[in-house]
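Right, one structure below, let's go through it.
Only the coordinates and a few stated rules stand behind these numbers; no lab work does. Note that the coordinates shown come from a computational prediction; the quantities given were computed from them, not determined experimentally. Because the Cβ atoms are built from the backbone with ideal geometry, glycine has one as well, and the counts that use them run over all protein chains shown.
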Amino acid sequence: MNADDKLYELAARQLGFVTRADVRVVGLGRKAMRHRIARGDWVVHGPRVLQRSGAPWTKASPLMRAVLDAGTGAVLSHATAAAWWGLPGFDLRTIDVTRPRGMTGTPAAFADRVHEVLTLSTDQVTVLEGVPIVRPERLILELCATAHPARAERALDTGWSKALYSGDSLRSVHRELAASGRSGIVLMRELLAARPPGWVPPASGLEARFIAVTREFCLGEWRRQVDLGSVQHWCGRVDFVSKDLPLVVEVQSERYHSALTDQAHDLARRTGLESAGFTVVEVWDTQLWHAKHEAVAAVRDGIRRCRTRHPA
């Protein structure tokens, strides 16, 4: 693969963008890149970012450009990340980016606010729809530090109801970052204290939709947000459990699922539930909203398999 092909491949993974550093890594010199820009292969965006000609300009484009321009290790954060994660009350008009301190001293050309931190571990960041971004747990801490307390609290509850995190994952991040004395730790601690283990967030619109669909098609009664297993062998908190059968339904989000989980984690969780005697069914949010008969078919199949497995 030649240098141009490598650069095109990288641009395809980065929503059409590359950086000047990427150009050097694939082996193209300044003169060679100037020639490609002059003939229209690439469009210049500030001193550090290039966009492949013809690449579509989408809602994610200014976000990706700002992240790449901010330097190695930069990610979308704070209120902008809240908007990208779909939390209401936030928008993308102002771009917040966080980057490791000391990686670069160059001012950012496209981010409205750049936050520099001493540490930004890989387990606190992910990729959502192609854009590097802080994970929701860290985002809540950032909002506790920068947003009005009531706004941060609403964001915490909304993200919890969207299954972007759990109480356990929030407490894990709180413990990890509390020792550093970060701004926002105190408010986050207070919010978590008001939501002790076992607390269930207000039902989301997606949960209400599932209940409505199952009632419409007479699929039985369901309990939501249930912890399964024992203290020694906890299987996890699941979205729905049938009141009459050992049947679990997990409602997955097409948008968030790939960013927050991986196949190994999903398989281990499913295996644990099935080993505990449960039949597990997955339905997708897009099915519930736009193709409910597919969701109904999946639940009915789960009921059939559960009754076959547990005829009593």
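Overview of results
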quantity: Over the chain: helical MRE at 222 nm, DSSP H runs n ≥ 4 each giving -39500 (n - 2.57), nearest 500; calculated: -13500 deg cm²/dmol
quantity: Charge dipole (debye, nearest 20) of the chain; +1 at Cβ of Lys and Arg, -1 at Cβ of Asp and Glu; calculated: 660
quantity: Rounded tilt (10° steps) of 205-216 against the dominant C-alpha axis of the chain; calculated: 40
quantity: Note, ³J(HN,Hα) from phi for the stretch 76-90, Karplus 6.51, -1.76, 1.60, rounded to Hz, x at Gly and Pro; calculated: 5, 8, 6, 4, 5, 5, 4, 5, 5, 7, x, 7, x, x, 10
quantity: Net charge of neighbours whose Cβ lies under 12 Å from the Cβ of V280, counting Lys and Arg as +1 and Asp and Glu as -1; calculated: -2
quantity: Nearest-ten-degree value, helix 292-309 long axis tilted from longest Cα axis of the chain; calculated: 50
quantity: Förster radius 41 Å - calculated FRET efficiency between M103 and T286 (Cβ-Cβ, nearest 0.05); calculated: 0.60
quantity: GNM flexibility winner over the chain from G73, G102, G277 (Cα, springs under 10 Å); calculated: G102
quantity: FRET efficiency, 1/(1 + (r/R0)^6) with R0 25 Å, evaluated for T271 and S169 via beta carbons; calculated: 0.80
quantity: Amide proton proximity set for V117, modelled H, under 5 Å, gap of 5+; calculated: R99, R101
quantity: Cβ charges +1 (Lys, Arg) and -1 (Asp, Glu), total dipole of the stretch 238-312, debye; calculated: 360
quantity: Extension reserve of the R237-D157 stretch, reckoned as 0.36 nm per residue once the Cα distance is removed; calculated: 27.2 nm
quantity: Segment E294-V25, length gained on full extension (0.36 nm per residue, minus Cα span); calculated: 92.2 nm
quantity: Proxy reagent accessibility, fewest Cβ within 10 Å first, across M33, M103, M1; calculated: M1, M103, M33
quantity: Candidate values [x] 19.4; [y] 21.9; [z] 23.4, label of the one derived for Kirkwood radius over Cα pairs in Å; calculated: [y]
quantity: Cα gyration tensor shape for the stretch 205-309, rounded if a/c is under 1.5, else prolate or oblate; calculated: oblate
quantity: Average Cα contact separation per residue, the stretch 61-193, under 8 Å, 6 or more apart, as relative contact order %; calculated: 22
quantity: Simple label model, 7 Å out from Cα along Cβ direction - H148 to E9, nm; calculated: 5.0
quantity: Estimated FRET transfer efficiency (R255, R304; beta-carbon r; R0 30 Å; 0.05); calculated: 0.50
quantity: The chain, relative contact order in percent, only Cα pairs under 8 angstrom and at least six apart counted; calculated: 10
quantity: DSSP bridge pairs, the stretch 205-309: antiparallel proportion in percent, nearest 5; calculated: 60
quantity: The stretch 205-312: relative contact order in percent, alpha carbon pairs under 8 Å with at least 6 residues between; calculated: 25
quantity: Within a Gaussian network of the chain (alpha carbon springs, distance under 10 Å), most fluctuating of P132, P56, P88; calculated: P56
quantity: Karplus-derived 3J(HN,Hα), 6.51/-1.76/1.60, for each residue of the stretch 170-179, Hz, glycine and proline x; calculated: 5, 5, 5, 5, 4, 5, 5, 9, 4, 5
quantity: Cα long-axis angle, helix 3-13 against the chain (0 to 90 degrees, to the nearest 10); calculated: 40
quantity: Environment charge at A82 (Cβ cut-off 11 Å; Lys +1, Arg +1, Asp -1, Glu -1); calculated: -1
